[in-house]
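Peer 1: What follows is a single structure, and I will ask about it in a moment.
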Amino acid sequence: MSELYKLSAWEIANKLRLREISSLEITQAFLDRINQTDDKLGAFLLVDDKIAIETAKKIDSSRLKGDTLPKMAGVPIAIKDLICTKGLVTTAASKILQNWVPPYDATLVENIKDNGLIILGKTNLDEFAMGSSTERSAYKLCLNPWDLNTVPGGSSGGSAASVAAWQTPFSVGTDTGGSIRQPASLTGIVGAKPTYGGISRYGIIAMASSLDQAGPMARCVLDAAILHDILSSYDMQDSTSLNYDFGSMEQAAIEGTNQGLKGLKVGIIKQLTGEGFSKGILAAFNKVVALLVNNGAEIVEVDCPNFQYSIGAYQILMASEASSNLARYDGMRYGKRFLPDKQTVTAESMMKTTRDIGFGFEVKRRIILGTYALSAGSYEAYYGAAQKVRTLIKGDFTRAYKQVDCLISPTVPTVAFKIGEQLDDPMAMYMNDLATIPANFGGMPAMSIPNGLAANNLPSGLQIIAPQFKDYNMYFLASALEKLINFNFNPSGLTQLSKAVNL
Ligand code: GLN
């Protein structure tokens with residue numbers, strides 16, 4: 001097969017097991033694809049051919065020796081550059097961590113290595129995961145493989161674009177307010193975040209710790225499920241990690257495909273199917289509702305009146321936690337140090353210069369907002385009030401789940417927007433998270449699967465949210481729906497990309 005890079009992760013694993021291909025061969029196929037396309041696409045901040053090839057060779061020789069290998073051994077993967085990789089530069093797409101080499105692996109990276117996956121490189125993102133378009137990367141722009149004039153979403157835009165452009169079979173993203181699901185929706189792929197605490201945060205550069213989670217991004221539900229199982233583990237090094245048996249997501253995906261929707265009660269969130277959502281997105285959503293009904297699911301409309309406050313509360317809570325987490329970048333302990341020009345260098349002037357040059361505009365905006373919200377005179381009025389809203393939103397979920405098994409909504413109000421279109425309009429940019437934030441507030445598992453094309457032949461996403469600990473149910477429904485939706489994955493911008501890079 002000439003286009004090896006089009007294989008899904010589970011197909012690659014099967015072929016490796018049957019020795020139809022070697023890990024070196026498949027790794028090389030993806031590295032070639034990245035080298036050919038990424039100057040234009042901008043999905044990767046770092047590609048490490050050498051380590052990838054070395055690891056692939058090791059896996060191949062141990063397979064030849066007849067060693068028992070983990071099921072996914074030898075399959076390539078890409079990792080968001082917010083996640084620490086020992087010996088491999090990790091920048092959070094910020095100047096302040098330029099050339100920083102972590103002395104340790106994030107727990108999820110250890111899991112990836114223990115499972116014999118081949119790390120191709122680190123993917124592009126909005127600086128410190130703050131954004132919805134990857135335009136806030138301090139290093140480079142990332143384009144959407146469906147239309148090179150549009151953004152891939154964010155903040156895990158590089159993880160999404162690399163999967164959509166066949167540069168990797170799957171990748172890892174992180175999601176604080178929607179950063180896995182929103183770019184998945186904009187690039188026509190699958191992206192999931194677990195129940196809060198399901199995947200260790202140890203070694204993930206913190207944005208807003210009470211909301212941050214990592215998760216899989218892939219072109220099909222089964223690949224996402226397999227990766228989810230690999231990433232998820234109880235970790236003593238993360239105090240919020242859950243020691244809980246979630247079951248096998250791979251199993252859930254298989255059962256969902258086989259068993260279908262009969263008997264499932266699915267809730268439609270009233271507040272997420274009207275105002276603020278584009279016509280095309282709502283039309284695609286209504287189609288999927290009809291599919292559900294025609295295939296034996298029961299549909300219930302649920303009321304979540306407090307969801308309308310989620311963006312406001314998120315801005316306060318996220319910025320407060322981020323301002324506190326980002327206080328550690330002072331040029332003193334680690335990361336980059338920038339020295340002032342003229343004045344005498346003092347600790348204070350050095351820290352000021354470091355943070356002034358090291359952080360980008362959006363990061364500074366959020367640090368200032370968060371510091372203000374946490375200040376003595378404003379704490380109760382802002383941070384306290386936002387925490388109360390978070391509790392109200394959780395209450396909406398609790399009431400909804402008394403009536404249904406899972407909830408659905410469009411993932412994002414619109415399809416991918418044009419590069420530059422929302423950059424100077426923070427309110428428009430923040431509105432991208434309208435449907436995704438509530439699940440982070442509730443600590444619920446949530447995912448996006450492709451749901452056909454909407455405006456301009458660009459993909460739209462369907463969000464599935466399940467109760468805490470019910471990640472299994474979420475994958476079950478996702479997989480059943482994936483089969484019915486039967487999305488034709490064919491990123492139209494890739495022809496444009498091939499031309500641009502003379503392929
Ligand atoms: N787009 C959201 C923001 O800008 C979400 C970010 C995220 O989930 N990391 O904050």
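Peer 1: Of all DSSP beta bridges located in the chain, what percent are antiparallel, nearest 5?
Peer 2: Counting DSSP beta bridges with both partners in the chain, the antiparallel share is about 65 percent.
Peer 1: Considering only protein heavy atoms and a 1.4 Å probe, what is the carbon-and-sulfur percentage of the accessible area of the chain?
Peer 2: 52
Peer 1: I need the GluC sites (Glu not before Pro) found in region 173-282, filtered to DSSP loop residues with at most 12 other beta carbons within 10 Å of theirs.
Peer 2: Sites meeting the loop and neighbour criteria: 275.
Peer 1: Another question, then. Using only protein heavy atoms and a 1.4 Å probe, report how much of residue 503 is accessible, in Å² to the nearest 10.
Peer 2: 100
Peer 1: With an 8 Å cut-off on Cα pairs and a minimum separation of 6 or more residues, tell me the relative contact order of region 227-376 in percent.
Peer 2: 19
Peer 1: If you place +1 on the Cβ of every Lys and Arg and -1 on the Cβ of every Asp and Glu, how big does the dipole about the Cα centre of region 165-304 come out, in debye to the nearest 20?
Peer 2: 480
Peer 1: Okay, moving on. For a Förster distance of 51 Å, can you work out the FRET efficiency between the beta-carbons of residue 140 and residue 379, rounded to the nearest 0.05?
Peer 2: In this case the efficiency is close to 0.85.
Peer 1: By its C-alpha gyration tensor, with a ≥ b ≥ c as the square roots of the eigenvalues, how is region 299-441 shaped: rounded for a/c under 1.5, else prolate for a/b larger than b/c, else oblate?
Peer 2: Prolate shape, in that a/c is at least 1.5 and a/b is the bigger ratio.
Peer 1: Please give the length that would be gained between residue 293 and residue 245 if that part of the chain were fully extended, namely 0.36 nm times their separation in residues minus their C-alpha to C-alpha distance (nm, one decimal).
Peer 2: 14.1 nm
Peer 1: What dipole magnitude, in Debye to the nearest 20, does region 1-127 give about its Cα centre under +1 on Lys/Arg Cβ and -1 on Asp/Glu Cβ?
Peer 2: The dipole magnitude comes to about 320 debye.
Peer 1: Right, another one. Please list, or write none, the lysines whose alpha carbon is within less than 23 Å of the alpha carbon of residue 364, excluding same-chain residues fewer than 8 places away.
Peer 2: 80, 95, 140, 336, 352
Peer 1: Counting only helical runs of four or more DSSP H residues, what would the 222 nm mean residue ellipticity of the chain come to if each run contributes -39,500 (n - 2.57) and the total is spread over all its residues?
Peer 2: Roughly -12000 deg cm²/dmol at 222 nm, from the helical runs in the chain.
Peer 1: Looking at the square roots a ≥ b ≥ c of the eigenvalues of the Cα gyration tensor of region 90-221, which shape do they give, rounded for a/c under 1.5, prolate if a/b is larger than b/c, or oblate?
Peer 2: Note, shape of region 90-221 comes out rounded.
Peer 1: Before I look further, what does the chain give for accessible area per residue, probe 1.4 Å, in whole square angstrom?
Peer 2: About 38 Å² of surface per residue is accessible.
Peer 1: Using a 1.4 angstrom probe with every protein chain in place, what is the largest-first accessible-area order of 171, 232?
Peer 2: So, going from the largest accessible area down, we get 232, 171.
Peer 1: Same structure again: Relative contact order for region 324-441: what is it in percent, counting Cα pairs under 8 Å that are at least 6 residues apart?
Peer 2: 17
Peer 1: For the pair residue 51 and residue 364, how long in nm is the line joining their label points, each one 7 Å along Cα→Cβ?
Peer 2: Using points 7 Å along Cα→Cβ, the separation is 3.2 nm.
Peer 1: What net charge do the residues around residue 485 carry, taking every other residue with its C-beta under 15 Å from that of residue 485, with Lys and Arg at +1 and Asp and Glu at -1?
Peer 2: Around residue 485, the charge tally is +2.
Peer 1: Considering the options 109, 442, 371, tell which one lies farthest towards the positive end of the dipole of the chain, charges being +1 on Lys and Arg and -1 on Asp and Glu at the Cβ, about the Cα centre.
Peer 2: 371
Peer 1: Right, another one. Straight-line reach from residue 270: which lysines have Cα under 18 Å away, leaving out those fewer than 8 places along the same chain?
Peer 2: Within reach: 279, 287, 394, 402.
Peer 1: How would region 1-152 be classified by its alpha-carbon gyration tensor: rounded, prolate or oblate, with rounded meaning a/c under 1.5 and the a/b versus b/c comparison settling the rest?
Peer 2: Since a/c reaches 1.5 but b/c is at least a/b, the shape of region 1-152 is classed as oblate.
Peer 1: In nanometres, what is the gap between the two model label sites at residue 68 and residue 455, each 7 Å from Cα along Cα-to-Cβ?
Peer 2: Using points 7 Å along Cα→Cβ, the separation is 5.5 nm.
Peer 1: Go ahead and collect, in residue order, the members of region 135-156 whose backbone nitrogen is under 19 Å from a label point 7 Å along the Cα-Cβ direction of residue 36.
Peer 2: Once the point is set 7 Å along Cα→Cβ of residue 36, 143-148 turn out to lie under 19 Å by backbone N, inside region 135-156.
The values are calculated or read from the model by the stated rules, or taken from the named source; none is laboratory data. In this text, all values refer to a predicted model and were calculated from it rather than measured experimentally. Methodologically, a virtual Cβ is constructed for each residue, glycine included, from the backbone with ideal geometry; neighbour enumeration extends over all protein chains shown. Only protein heavy atoms, including side chains, enter the accessible area calculation; ligands, DNA and RNA are left aside. Shrake-Rupley method; radii C 1.70, N 1.55, O 1.52, S 1.80 Å.
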